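Only the coordinates and a few stated rules stand behind these numbers; no lab work does. A quick note: this is a predicted structure, and the numbers were derived from the prediction, not measured. Note that we place each Cβ from the backbone using ideal geometry, even for glycine, and neighbour counts take in every protein chain shown.
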Amino acid sequence: MADNGAKIVIEKELMQFELNLQNNYKDLAYQGYTEVHAMLDSFLEQGEINERYYKKIKKKMKKYDKIYHPEEEETEEKNVE
């Protein structure tokens, strides 16, 4: 499994996304957010990354889900109650 190259690409895109978010470049940040998710799914499906790495980055991206998908957070909170 040649997952090193895929991991570098994902890490680079993730860093660019976080930088855009910090600099308040909302459109670019959202584009990066969707790109990271698409890359993760694609690379996992192709076998370029392992399940453990996939879950690690998905967990890291979960905090940004609150920004881009607040309605999902509300649904999850209601299900807990």
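What does the extension gain come out to for E45 and N24, with contour length at 0.36 nm per residue minus their alpha carbon separation?
So the chain would gain 4.4 nm between E45 and N24.
Could you calculate the contour length gain from Y54 to I8, that is, 0.36 nm times the residue separation minus the distance between their Cα atoms, to one decimal place in nm?
Values: separation 46, 0.36 × 46 = 16.56 nm, distance 1.31 nm.
Extra length from Y54 to I8 when fully extended: 15.3 nm.
Would you tally the net charge around Q31, using a Cβ to Cβ cut-off of less than 14 Å, leaving Q31 out, and scoring K and R as +1, D and E as -1? Walk me through the numbers on the way to the answer.
Values: positive: K26; negative: E13, E18, D27, E35.
Within the 14 Å Cβ shell, the charges total -3.
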